[in-house]
Amino acid sequence: MVALDRYVRQTILPEIGPEGQRKLSAATVAIIGLGALGTVSAGLLARAGVGHLKLVDRDVVELTNLQRQVLFDEKDMDLPKAEVAAKKLRAVNSSVTIEGVSKDIHAANIESVLAGVGLVVDGTDNMELRFLLNEIAIARGFPWVYGGAIATQGMVMGILPGTTACFRCFLPQMPPPGSLPTCDTAGILNTVSSIVGSLQATEGIKLLLGQRPSGELLVFDGWANELQRLRVSRRKDCPACVKRETEYLGAKRGQVIAALCGSQTISIDPAHKGEIDLAGIEARLRPLGPVKSLGSVLVFDAGDAVITIFSDGRALIRGTDDPQRARSLYAKYIGM
Ligand SMILES: [Zn+2]
């Protein structure tokens, strides 16, 4: 039973109506990445009454996020984004279920993280994760909404496997590392990232209501006021949606090390599964340097690097972009 009053401003729209509202209420949506795009789309989907939201992010809140990531404030520094975003949105709409998932998504865990999910909104900033998401969306047949924003430009596309072009029809090969600009190198206008998040939420709502996506990539420049709709055709030899190759999904690894969007941070996800003893680690680290417990995470200052440790054993190593150094710091202070 859905309390329709709360949503009256959208249920009077012929595009939604009470029937559409019931579909939204019955839906489970994952937002992967709670940056500029993900915080906007998650906020709008929670307010619109999507019944179950999974908010997934591997990072913690930093000061430079506040310029554009609309669910965070100054009191949230160093806390896991997924946890903070879920708490804020539960206060916005207590009639829907909102789950925060502080995980680094990769081939070994994407199936369990996305279990039961009927739509994914892409708030990630990395191509490898999009290629992986594209493969699982094809395997499971669920739609997803690609989004990207850099400088004053944005792109959005709703993807329904088997109907529209998939992400690899659009981009057949992974661009080499360092070949694309990042938020760190090119910057981002906060109005543009908010537009992209809003457009993604709109595409998401339409897909949840059963509307067939246009198959077009929407490209715009928020400074020049230019908007283009580009038709993306399905590729006859697409390795993903035609040949059904699972190049990324099949690469199930044990320990996973990933560099975060040019920010001198490495994420290490150990092969170990399950909770670790954060209190025990805190006690062991105390003689070695400043360590603080923020409830679900520990933050340890190792001098030339800051290590954030999550309760499932994952860690963010800040102050290096060298995976080997990050791995040795993890081994030294946490152990593997
Ligand atoms: Zn394809």
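Extension gain, Gln228 to Thr97: 0.36 nm times the residue separation minus the Cα-Cα distance gives 43.5 nm. Couplings 3J(HN,Hα) for region 99-112, derived from phi with the Karplus relation 6.51 cos²θ - 1.76 cosθ + 1.60 (θ = phi - 60°), are 10, x, 10, 8, 9, 8, 7, 8, 4, 6, 10, 4, 5, 6 Hz, where x marks Gly and Pro. Note on Ala139 and Glu282: with the Förster distance fixed at 30 Å, the Cβ-Cβ geometry gives a FRET efficiency of about 0.15. Extension gain for the segment Asp301 to Arg9, taken as residue separation times 0.36 nm less the Cα-Cα distance, is 100.2 nm to one decimal. Computed from backbone phi with θ = phi - 60° and the Karplus coefficients 6.51, -1.76 and 1.60, the 3J(HN,Hα) list for region 43-59 is x, 5, 5, 5, 5, 6, x, 5, x, 9, 10, 10, 9, 10, 7, 9, 10 Hz; x is used for glycine and proline. The rule of thumb for compact globular proteins, 2.2 N^0.38 Å, goes into the C-alpha radius of gyration of region 59-125 1.21 times.
How tilted is helix 127-140 with respect to the longest principal axis of the chain? Cα atoms for both, answer in degrees (0 to 90, nearest 10). With both axes taken from Cα atoms, the answer is about 60 degrees. Estimated at 0.36 nm per residue, the fully extended path between Ala108 and Ala186 surpasses their Cα-Cα distance by 24.9 nm. Can you work out the base-10 log of I(q)/I(0) for the chain at q = 0.08 1/Å, using the Debye formula on its C-alpha atoms alone? Those come out to -0.38, one per q. Around Gln228, with a cut-off of 14 angstrom between Cβ atoms, what is the net charge of the other residues, counting Lys and Arg +1 and Asp and Glu -1? Result for the local shell: -1. With helices as the sole contributors, the chain gives -9000 deg cm²/dmol at 222 nm; each DSSP H run of n ≥ 4 counts as -39500 (n - 2.57), and the sum is divided by every residue. If the Kirkwood radius is taken over C-alpha pairs of region 256-333, then at 25 °C and 0.890 mPa s the Stokes-Einstein diffusion coefficient equals 197 µm²/s. Placing +1 on the Cβ of each Lys and Arg and -1 on the Cβ of each Asp and Glu in the chain, which of Ala224, Gly141, Gly313 has its Cα farthest towards the positive end of the resulting dipole? With unit charges placed on the Cβ atoms, the residue in question is Gly141.
Lysine pair count for the chain (Cα-Cα distance under 14 Å; residues 8 or more apart in sequence or on different chains): 9. The tail of the calculated P(r) for region 5-121 beyond 21 Å holds 38 percent of all Cα-Cα pairs. Across the chain, C-alpha contacts under 8 Å between residues 6 or more apart give a mean separation that, scaled by the residue count, equals a relative contact order of 14 percent. Sorted on the mean count of surrounding Cβ atoms within 10 Å across their residues, most packed first, peptides 101-111, 235-245 read 101-111, 235-245. Calculate how steeply helix 81-92 sits against the longest principal axis of the alpha-carbon atoms of the chain, using the helix alpha-carbon long axis, and give the answer as 0 to 90 degrees to the nearest 10. Long axis of 81-92 versus the principal axis of the chain: about 50 degrees.
With R₀ set to 22 Å, the beta-carbon distance separating Arg22 from Val242 gives a calculated FRET efficiency near 0.05. Magnitude of the charge dipole for region 256-333, about its Cα centre and with charges confined to Cβ atoms of Lys, Arg (+1) and Asp, Glu (-1), is about 120 debye.
Rounded to two decimals, the Cα-based Rg/Rh of region 190-336, with Kirkwood Rh, is 1.12.
For the chain, DSSP calls about 70 percent of its internal beta bridges antiparallel.
None of the figures in this text is laboratory data; all of them are computed from the coordinates on show. This one's a predicted model, so the numbers in the text were calculated from it and none came from an experiment. In this analysis, Cβ positions are derived from the backbone assuming ideal geometry, glycine residues included, and neighbour counts consider all displayed protein chains.
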